[in-house]
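Structure first, then comments.
The values are calculated or read from the model by the stated rules, or taken from the named source; none is laboratory data. These numbers come from a predicted model, not from an experiment. With ideal geometry, Cβ positions are generated from the backbone for all residues, glycine too; neighbour counts draw on all protein chains shown.
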């Protein structure tokens, strides 16, 4: 069964304290893994797409990496404005357009 | 900005009443989706559309119907709302493989 699991559920960091969020997946034939950011009361905002193991993408303080079983979202020297819920999703193995979503990691950065 | 609007943004209704949520896009994308988001769950797909009058069920479609008579509009209808349908509803469009989301509708069924 296709499945996406994110950990931890919540993460509290001090400003400047780097860390990583995990997204592990099981899917028959990965066609793409996606990271989104969601602020309270808003829709998810697209961050990255990763297609194959070894691929990396960066945006400001965020870097996403991908292996054959999991993806990491590394946050370097975070700021309070990086506080949000981060969502991970993968394409279903039998579909180009339907995504399977993780439950998200709530990240809180304290000043 | 993906050019997606949802209406209404908030709605309170009573059990047994019909409810229609609207999603409007300005960028002529073929694929459109309706999701619900509940605490402790990932986004769950209700229905999706791959063109005008072409729709299909997602993983949680029971109690919901959809219609798409124009490329830009995708409607979600709860024929007889129940308290279990209290949720936040998001519309999304596909541009390539990525999906882009609207601002959401918070629906409360009393």
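Here is how the numbers come out for the structure above:
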{"read-out": "Residue ranges of strands (runs of 3 or more DSSP E) in segment A:14-111 with at least 2 members farther than 24 Å from residue B:92 by Cβ", "value": "A:19-26, A:56-59, A:62-66, A:70-75, A:105-110"}
{"read-out": "Check on residue B:50, free of Cβ contacts under 8 Å to residues at least 24 places away in the same chain and over 20 Å from residue A:103 (Cβ atoms)", "value": "yes"}
{"read-out": "Test: residue B:68 is more than 11 Å from the chain's Cα centre (by Cα), at pLDDT 95 or above and part of a strand (DSSP E or B)", "value": "yes"}
{"read-out": "Segment A:25-64: number of residues that are away from chain B (no Cβ under 13 Å), within 14 Å of the chain's Cα centre (by Cα) and within 21 Å of residue A:108 (Cα to Cα)", "value": "6"}
{"read-out": "Within segment A:49-67, tally of residues that are without any contact (Cβ under 8 Å) to a residue 24 or more places away in the chain and closer than 22 Å to residue A:28 by Cα", "value": "10"}
{"read-out": "Boolean, residue A:87 is crowded, with 19+ Cβ neighbours inside 10 Å, over 16 Å from residue A:6 (Cα atoms) and either within 14 Å of chain B (Cβ to nearest Cβ) or touching a residue at least 12 places away in the same chain (Cβ under 8 Å) (or both)", "value": "no"}
{"read-out": "Segment A:72-84 - residue that is within 12 Å of residue A:22 (Cα to Cα) and surrounded by fewer than 20 Cβ atoms within 10 Å (Cβ to Cβ) and, of those, farthest from the other protein chains (Cβ to nearest Cβ)", "value": "A:74"}
{"read-out": "Residues located in segment B:9-24, provided they are surrounded by fewer than 17 Cβ atoms within 10 Å (Cβ to Cβ) and either more than 23 Å from residue A:46 (Cα to Cα) or without any contact (Cβ under 8 Å) to a residue 40 or more places away in the chain (or both)", "value": "B:10, B:11, B:12, B:13, B:14, B:15, B:16, B:17, B:18, B:20"}
{"read-out": "Count - residues of segment B:73-99 that are buried (at least 21 other Cβ atoms within 10 Å of the Cβ) and modelled with pLDDT under 95", "value": "1"}
